[in-house]
1. Given the structure, is Lys113 open to solvent by less than 40 Å² (accessible area, probe 1.4 Å), of a type in the set (Lys, Arg), at pLDDT 95 or above and touching a strand residue (DSSP E or B) at 6+ places or on another chain (Cβ under 7 Å)?
2. Out of the residues in region 149-172 that are assigned to a loop (DSSP other than H, G, I, E, B) and of a type outside the set (Gly, Ala, Ser), which is nearest to Gly341 (Cα to Cα)?
3. Report whether or not Glu186 is more than 12 Å from ligand 2 (Cβ to nearest atom), open to solvent by 10 Å² or more (accessible area, probe 1.4 Å), of a type in the set (Asp, Glu) and in a loop (DSSP other than H, G, I, E, B).
4. Residues that are crowded, with 17+ Cβ neighbours inside 10 Å: list the strands (runs of 3 or more DSSP E) wholly contained in region 221-319 that include at least 3 such residues.
5. Within region 155-164, can one find any residue that is under 17 Å from Val98 (Cα atoms), in contact (Cβ under 8 Å) with a residue 12 or more places away in the chain, more than 16 Å from ligand 2 (Cβ to nearest atom) and touching a strand residue (DSSP E or B) at 6+ places or on another chain (Cβ under 7 Å)?
6. When you look at Val140, is it hydrophobic (A, V, I, L, M, F, W, C), within 21 Å of the chain's Cα centre (by Cα) and at negative phi, yes or no?
7. If you go through region 117-144, how many residues are surrounded by fewer than 18 Cβ atoms within 10 Å (Cβ to Cβ) and away from ligand 1 (no atom under 14 Å from the Cβ)?
8. Could you count how many residues in region 189-218 are within 12 Å of ligand 2 (Cβ to nearest atom), more than 29 Å from Lys230 (Cα to Cα) and of a type in the set (Gly, Ala, Ser)?
Amino acid sequence: MAKLDYIKETVLRRNPNDAEFIQAVDEVLLSLEKVAQKHPEYIENGIFERLIEPERQIVFRVPWVDDNGKVQVNRGYRVEFNSAIGPYKGGLRFHPSVNLSIIKFLGFEQCFKNALTTLPMGGGKGGSDFDPKGKSDGEVMRFCQSFMTELYRHIGQFTDVPAGDIGVGGREIGYLFGQYKRIQNEFTGVLTGKGLTWGGSLARTEATGYGLCYFTEAMLNDKQDSFKGKTVIVSGSGNVAIYAVEKATQLGARVVAMCDSAGYIYDKNGIDLDTVKNIKEVRRGRIKEYVQDHADAQYHEGTGIWSIPCDIALPCATQNELNEQDAEMLIKNGVKAVCEGANMPCTPKAIERFQTNHVLYAPGKASNAGGVAVSGLEMSQNSLRMAWSFEEVDEKLQQIMNEIYRTVADTAKEYDMEDNFMAGANIAGFLKVAQAMMSQGIV
Ligand code: NDP
Ligand code: 2IT
């Protein structure tokens, strides 16, 4: 019996219906067997039991009034997972699929991701089953105000600092911040991803997508390769996807496909990002509108984006968007690297296919850590009451992503799992949190 099977059993017993949370924990435990053998003190001190149980879970009612005067009720969540290395930190997701299992999986992964950034941030996540799609600005504002009217009592610049995720961008952070400030009568860095004129950091918008490409480039450079001349697919067309396309293109790649939840576009000439930004960031439209301006491009309904041949795949939409069949197709078409911009986009079987076929695979908790890293830099700037230049933040982001790659690759090697970046990320992130927990006693 593996040393950590008892933890798996505890997770299953306590969270029998939480498929995403169980999936995220399983992946981490798989990587930690050797650590558990080497460090019996972590088992003796209940580190694993404590890590899989959130410090606090808050579930609340969010009532608001729509444009027709009808009362709507959504459910709000904040899971404060682990504060061993800093205040809880992690995004808020507004999407109809949101439930406690999804928020717990995201909060759990966030603990290790934040540890990898080297910045002092614990792990948390929140959100709601509210769907911002098709809502007016007034409806989104009223929802955000109601959401914050409960959330404010649980967060604070030294306690818990939320940010954006799916469905939560600059507009939503603005409404949330305004309501927090009004209720608490204080102007503090309680949220990140703020506007540039009221405490936001330059390069936060770009950070996750850029950071993903910096990580990928570091990994490729280590193998005497690079983005230059490569054909790339980026799934999604939201914040992470758009800036991954921008940086991959700057690094010399040709990105030929993007998608949203309705379908995907294929442009063999390379995606024209200005068109995509206009559709998504300005008009809040659908990706199929791209072909109106680009007669050469094709639009296909559905999820077939991974059938397009590419050298590098960057899944940047959502969890479990790339399954075993998709992985088989990518491998058959000669994919060399798969790096996650989204959280847990590849299913466990897809990851196994990549690893057994020697495709370089980077897990989101390492490769998408650039977003939360720059959130950490936004917190630093808020504390200093200063604003750094774009170049300064971007340079720090590059350093952090290069360092994450080095740490993850070296840790994998140290544990005799060379090039297993999933194991490297899980072990390195875990060790930092575990050491802090050991120092702080049984809490
Ligand atoms: P956005 O809301 O900006 O964009 C999400 C994109 O993914 C949209 O194109 C959306 O399409 C698509 N998408 C969402 N759900 C599905 C689905 N079920 N099937 C297909 N496509 C889907 O979110 P972000 O770009 O911020 O987040 C994307 C991913 O990156 C998430 O996994 C998030 O957790 C992760 N992430 C985000 C960070 C950040 O800083 N924002 C940091 C690190 C990770 P549609 O419009 O049709 O819904
Ligand atoms: O998944 C993530 O890392 C994010 N959504 C960003 C979190 C943050 O606090 O910036």
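1. Working: open to solvent by less than 40 Å² (accessible area, probe 1.4 Å): yes; of a type in the set (Lys, Arg): yes; at pLDDT 95 or above: yes; touching a strand residue (DSSP E or B) at 6+ places or on another chain (Cβ under 7 Å): no.
So Lys113 fails the test.
2. Taking region 149-172 as the starting set, the residues that turn out to be assigned to a loop (DSSP other than H, G, I, E, B) are 155, 157-159, 164, 166-167, 169.
Next, from what is left, pick out any that are of a type outside the set (Gly, Ala, Ser): 155, 157-159, 166.
Values: Ile155: 27, Gln157: 27, Phe158: 28, Thr159: 27, Ile166: 12 Å.
Ranking the qualifying residues of region 149-172, first place goes to Ile166.
3. Details: more than 12 Å from ligand 2 (Cβ to nearest atom): yes; open to solvent by 10 Å² or more (accessible area, probe 1.4 Å): yes; of a type in the set (Asp, Glu): yes; in a loop (DSSP other than H, G, I, E, B): yes.
So Glu186 passes the test.
4. Details: elements: 231-234, 254-259, 263-266, 298-301, 312-314.
Filter on region 221-319 gives 231-234, 254-259, 263-266, 312-314.
5. So the first thing to find is which residues in region 155-164 are under 17 Å from Val98 (Cα atoms), and the list is 162-164.
Next, from what is left, pick out any that are in contact (Cβ under 8 Å) with a residue 12 or more places away in the chain: 162-164.
Subset that is more than 16 Å from ligand 2 (Cβ to nearest atom): none.
Scanning region 155-164, I find no residue that is under 17 Å from Val98 (Cα atoms), in contact (Cβ under 8 Å) with a residue 12 or more places away in the chain, more than 16 Å from ligand 2 (Cβ to nearest atom) and touching a strand residue (DSSP E or B) at 6+ places or on another chain (Cβ under 7 Å), so the answer is no.
6. Details: hydrophobic (A, V, I, L, M, F, W, C): yes; within 21 Å of the chain's Cα centre (by Cα): no; at negative phi: yes.
Here the answer is no, as Val140 does not meet what is asked.
7. 5
8. 4
The values are calculated or read from the model by the stated rules, or taken from the named source; none is laboratory data. Please read these numbers as outputs of a predicted model, since none were measured by experiment. Here Cβ is always computed from backbone atoms with ideal geometry, including for glycine, and neighbour counts include all displayed protein chains. With ligands, DNA and RNA removed, areas are computed over all heavy atoms of the protein, side chains included. Shrake-Rupley method; radii C 1.70, N 1.55, O 1.52, S 1.80 Å.
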